[in-house]
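Worksheet for the structure shown next.
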Amino acid sequence: MIMKDGKKLHHTIQIRVRYGETDRMGVVHHSAYVLYFEEARTAMLRDEGISYKELEDSGIILPIYEIHIQYKHPAYYDDILTIETTLEGISGVRIAFSYKVTDGSGTLLATAQTTLIFTDSQRFKPVRPPESVLQLVSDRIF
């Protein structure tokens, strides 16, 4: 689901915690959240008509430049997590997202921010974002 609230684009997905994402106590391992954020981010762009695969096929990759995660409460095996992704904006070659992860009862489990860099896949040098992505955030530049 995508919502446009003011100047920012919001997207929500649900992910069920798989057994392999947990430790021996059934708690989601901290590294699994990075995968959840990637799934949420790619789903948001896909729902807006921007495919990661098509970007990569055109010679553009989006490596993570930085990531910040604050863990507030644990998630457990078989929980249904709701991940709300917000496209914070594009600045130069950078695109920024924020995330909120909640469980079925609405408890806030984690918040995060990621910044990715539009990069030429052959030269590994930063490049200007494609026009399709710029149009997505044309009135949402931060």
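The values are calculated or read from the model by the stated rules, or taken from the named source; none is laboratory data. Quick caveat, the model's predicted, so the values are computed rather than measured. Don't worry about glycine lacking a Cβ; one is built from the backbone with ideal geometry, like all the others, and counts go over all protein chains shown.
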| field | Subset of the stretch 84-133 [in a loop (DSSP other than H, G, I, E, B), free of Cβ contacts under 8 Å to residues at least 24 places away in the same chain and surrounded by 17 or more Cβ atoms within 10 Å (Cβ to Cβ)] | value | none
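Select from the stretch 39-53 the residues that are surrounded by 15 or more Cβ atoms within 10 Å (Cβ to Cβ) and under 13 Å from the mean Cα position of the chain (by Cα) and write down the one among them that is farthest from Val101 (Cα to Cα).
Only one residue fits best here, namely Tyr52.
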| message | I'm told Thr85 meets every condition in (1) out of contact with any Lys or Arg (no Cβ under 8 Å at 6 or more places or on another chain); (2) under 27 Å from Leu134 (Cβ atoms) except one. Can you identify the failing condition by its number? | response | (1)
| Any chance Thr102 is out of contact with any Lys or Arg (no Cβ under 6 Å at 6 or more places or on another chain), modelled with pLDDT of 95 or more, within 17 Å of His10 (Cα to Cα) and of a type in the set (S, T, N, Q) | yes
| query | (1) among the charged types (D, E, K, R); (2) in contact with a helix residue (DSSP H, G or I) (Cβ under 8 Å, 6 or more places away or on another chain); (3) loosely packed, with under 13 Cβ neighbours inside 10 Å: which one isn't true of Arg24, the others all being true? | reply | (2)
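Restricting to the stretch 52-83, what's the tally of residues that are hydroxyl-bearing (Ser, Thr, Tyr), assigned to a loop (DSSP other than H, G, I, E, B) and under 23 Å from Ala32 (Cβ atoms)?
1
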